[in-house]
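In what follows, a single structure is set out as structure tokens and then discussed.
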Protein chains: 2
Amino acid sequence: MTGERDTRTGAVMAAIRKKVSNRALASGDRLPSIRSFATTMGVSPSTVVEAYDRLAAEGLIRARRGSGFYVVGTASSPMTLAQAGPRQDRAVDPFWVSRQSLDADPAVLKPGCGWLPADWMPTEPLRRAVRTLARGEDATFTDYGGTRGSPALRRLLLGRFAEEGIDASPEQLLLTGSGTQATDLVCRFLLSPGDTVLIDDPCYFNFQALLRAHRVRIVGVPYTPSGPDIAAYETALATERPRLYITNSALHNPTGASLSPQTAHRLLRAAAAHDLTIVEDDIFADFEPAPSPRLAVLDGLDRVIRIGSFSKTLSASIRCGYIAARADWIEGLLDLQVATSFGGPSPVAAELIASVLAEGGYRKHMDELRRRLDRARRETAARLEPLGIRPWLMPRGGFYLWCRLPDGLDSAAIARKAVEQDVVLAPGNVFSVSQTAAAFLRFNVAQSNDPRVLAVLRQAMASLPAE
Amino acid sequence: MTGERDTRTGAVMAAIRKKVSNRALASGDRLPSIRSFATTMGVSPSTVVEAYDRLAAEGLIRARRGSGFYVVGTASSPMTLAQAGPRQDRAVDPFWVSRQSLDADPAVLKPGCGWLPADWMPTEPLRRAVRTLARGEDATFTDYGGTRGSPALRRLLLGRFAEEGIDASPEQLLLTGSGTQATDLVCRFLLSPGDTVLIDDPCYFNFQALLRAHRVRIVGVPYTPSGPDIAAYETALATERPRLYITNSALHNPTGASLSPQTAHRLLRAAAAHDLTIVEDDIFADFEPAPSPRLAVLDGLDRVIRIGSFSKTLSASIRCGYIAARADWIEGLLDLQVATSFGGPSPVAAELIASVLAEGGYRKHMDELRRRLDRARRETAARLEPLGIRPWLMPRGGFYLWCRLPDGLDSAAIARKAVEQDVVLAPGNVFSVSQTAAAFLRFNVAQSNDPRVLAVLRQAMASLPAE
């Protein structure tokens, strides 16, 4: 075998190994056929045969009589979404920001995290709700609760939907353990391994992590200041045949942009033409000064599934999310939630949330919070300006600023430097499926006012050669 | 085509339709090859070809050039674990008992449910814990908490493990949203669609529902009074090559039996020989008068994964479960939990549980609860005796009695009659993958003391012809 041939065989082997390690191919899956993979890799079929034989000799794959090659499953190769290892050595992938932020000790600053500091949250209303709970019914403390979740909270939510113009019945609403669990349930319900899912590029990094767990193919659509690039979206629908599109319409994470009415209308029109279902993750709704267009409202919960939670506005500890969708889908989702969580969300959590939402204090808290965030957003932008770090746009609400770095700086390299100084940043590429956001950082304006954030950032930037 | 041939084609079509409806074949899955399915069905290959062609004409499946037939995915056929429909019309399947019990209004009696009445739970210690919480740190109310969950609760659990003889490190323990979510995470981590999983027959009905969501093949092993039938288990390991075995070692649900030391040892020996992983769901541990053999203890958390929760002893509303396993597996499970739930269990829930467990009242409560259950178990058995309903064995603890009906009576028919009278029973076949437990009912002795339970049961039995 010539050296060149050897290299080609090695490339095919590496491509398959990568598919196994990133779960594009799972234990028991059939490998691409010799002929098709030869075309994909631009090599001869005999090179692929050679590569598969060598991988089989290594034990990674196995031939089955007359039906091709399959990935071998062993106890030592379970599903691994990210490389395990010491925390700071891990690659800066979608898990990096989550785990760095969630597991940071209190001394660590977290301008890259996705939540508000404890003292920005409605702690007094929450304490009042907890004291009320201590005097409540035994069953609230001890029972599983109904499969759809607390009737009080569901009534409150249906009332809010009605104010927006969504006329949903009680059968169209299901409470879940959290917003993430809501998205996960919907994915389980609608997707099969190998399906294609459309996401925004950039988008909330955990969508990628979640979709990887579902073993689906992810396709990104570039995001613009008025929503996804509609031409790219229409092309993707026609050529990639996605089953699902997951997005935030209002105060999109990480950019803070909101959908324009024209884009919203075209998104839905194309979705109908291609029988696409849309998951609209609406967790930032209450941060808007006034409601922007919502797909769920325009569509009336026909092919749009609304997902929400209270983790950003009320509490990430007392967790509860919800799904609003077609009644027949809710019925199926409900069974799936029983099978995988046994029952709905904690009655204690749902009662606490309902009790805070029902009292007058919550609206006042949100009014005050929006004013405070407006101020923090302006201040953060002003502080970043001298470093040459500029917002891609100025969001109308919420706590994110999606900022471009000076030319040639790599945000992942900066984030790696900063974490050594106990500052967790959110580098652009963890949000980007195409890995084209290396020049961006996402700032949480409520977590960026400590002068050390700026000092560490400046130092990290200075230590790196502009490329 | 002859009529007989037509019938055979129809049988093949029906078999495939059933595989699609029960998710043995999911959207995008490849159908069995013509030749192999002809062998399975005992028909000629041309009959299978005919059946596949007709199903393709109906749009259920689709041929792909040169690579066989595949199940078609459409927006109108999402994943449906059970048939939707009005509640009382649903088939008596594993979801039936869950939903009937969880969604029953307070007037309904639930001798078939899987939890204790609210006034049997430690409500006073829980209320004290809630009052303490109301004076706690802001962050406990508002933050996501660390990815492994409350350090206080993890320390408590590791201390209990040490008392049992399990020397686990903090890296071997992960808190989860619930015991069911713990099992679900482990399945996601270790299983791929099409894998084979071993369960006890009978076993906790939700294991079947959960495994269906994972699209795996389920194989049952008959359960005996000292654990699974060890010969059948060894044969299944050799012939079915299961990836996982899920079981309760102590106070097995539904039978109340516990594993003998000899069976425990042989289970582990065969597991090692066949590289099988075992999930030991230990949620009834605290109901035992004295600890019986545990696989996790014998094995030292090498190939055994321990799962537990506090839903049965402390609260099903303040939910939290855990997984104890190999440290490298916990690392992967942790990422999976971040991806699918964002973070660990609610810090509020974990703190409340830790606070109740740490105070002296919990042990006293459990001592009292065990005495109360012993009494209720004897009384329930005595009340059922005149109806000819007899326990399969007398469990040493817990709240279940697995009882055999008089000859010829079908427990599902009785359950359907009883639910019309607002009594939810748990008929045997929802626990049995082989559907061989029609003569059994599972009683929750703490939910069976209302005289109406017996009256309705007697009436339902009398209204059915013995077959």
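Observations on the structure shown:
- Residue in the stretch A:179-191 that is more than 10 Å from every other protein chain (Cβ to nearest Cβ) and either under 12 Å from the mean Cα position of the chain (by Cα) or under 19 Å from A:W329 (Cα atoms) (or both) present: yes
- Among the residues of the stretch A:280-316, the ones that are within 20 Å of A:T180 (Cα to Cα) and surrounded by 20 or more Cβ atoms within 10 Å (Cβ to Cβ) come to 25 in all.
- Tally of residues being of a type in the set (A, V, I, L, M, F, W, C) and farther than 20 Å from B:W115 by Cβ across the stretch B:398-416: 5
- Candidates are the residues of the stretch A:397-444 that are part of a loop (DSSP other than H, G, I, E, B) and small (G, A, S); the one that is modelled with the lowest pLDDT is A:G408.
- Residue list for the stretch B:391-412, restricted to those being over 24 Å from the mean Cα position of the chain (by Cα) and surrounded by fewer than 16 Cβ atoms within 10 Å (Cβ to Cβ): B:P406, B:D407, B:G408
- Of all residues making up the stretch A:274-302, the number that are within 14 Å of chain B (Cβ to nearest Cβ) and of a type outside the set (V, I, T): 6
- Selection count, the stretch A:154-175, where residues are under 25 Å from the mean Cα position of the chain (by Cα) and either basic (K, R) or more than 21 Å from A:G300 (Cα to Cα) (or both): 2
- Any hit, the stretch B:268-281, residues being in a loop (DSSP other than H, G, I, E, B) and among the hydrophobic types (A, V, I, L, M, F, W, C): yes
- Looking across the stretch A:110-139, just one residue is touching a helix residue (DSSP H, G or I) at 6+ places or on another chain (Cβ under 7 Å) and aromatic (F, W, Y), and that is A:W120.
- Considering only residues in the stretch A:155-182 that are closer than 30 Å to B:S309 by Cβ and free of Cβ contacts under 8 Å to residues at least 24 places away in the same chain, the one that is surrounded by the most Cβ atoms within 10 Å (Cβ to Cβ) turns out to be A:R155.
- Filter result for A:D119 (of a type in the set (D, E) and in contact with a Ser or Thr (Cβ under 7 Å, 6 or more places away or on another chain)): no
- Scanning the stretch B:229-260 for residues that are without any contact (Cβ under 8 Å) to a residue 40 or more places away in the chain and either outside the structural domain of B:T196 (by TED's automatic domain parsing) or closer than 26 Å to A:S341 by Cα (or both) yields a total of 0.
- Count of residues meeting criterion [at pLDDT 95 or above and more than 25 Å from B:E280 (Cβ to Cβ)] in the stretch B:323-347: 0
- Failed item, numbered, when B:A213 is tested on (1) at pLDDT below 95; (2) of a type outside the set (V, I, T); (3) under 29 Å from B:R363 (Cβ atoms): (3)
For (1) among the β-branched types (V, I, T); (2) over 12 Å from A:I305 (Cα atoms); (3) within 14 Å of the chain's Cα centre (by Cα), each residue gets a yes or a no:
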site: A:R243; (1), (2), (3): no, yes, no
site: A:A250; (1), (2), (3): no, yes, no
site: A:L267; (1), (2), (3): no, yes, no
site: A:A273; (1), (2), (3): no, yes, no
site: A:L276; (1), (2), (3): no, no, no
site: A:D282; (1), (2), (3): no, no, yes
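The values are calculated or read from the model by the stated rules, or taken from the named source; none is laboratory data. Keep in mind that this is a model prediction, so the values were computed, not measured. Positions of Cβ are generated from backbone atoms using ideal geometry, with glycine treated the same way; all protein chains shown enter the neighbour counts.
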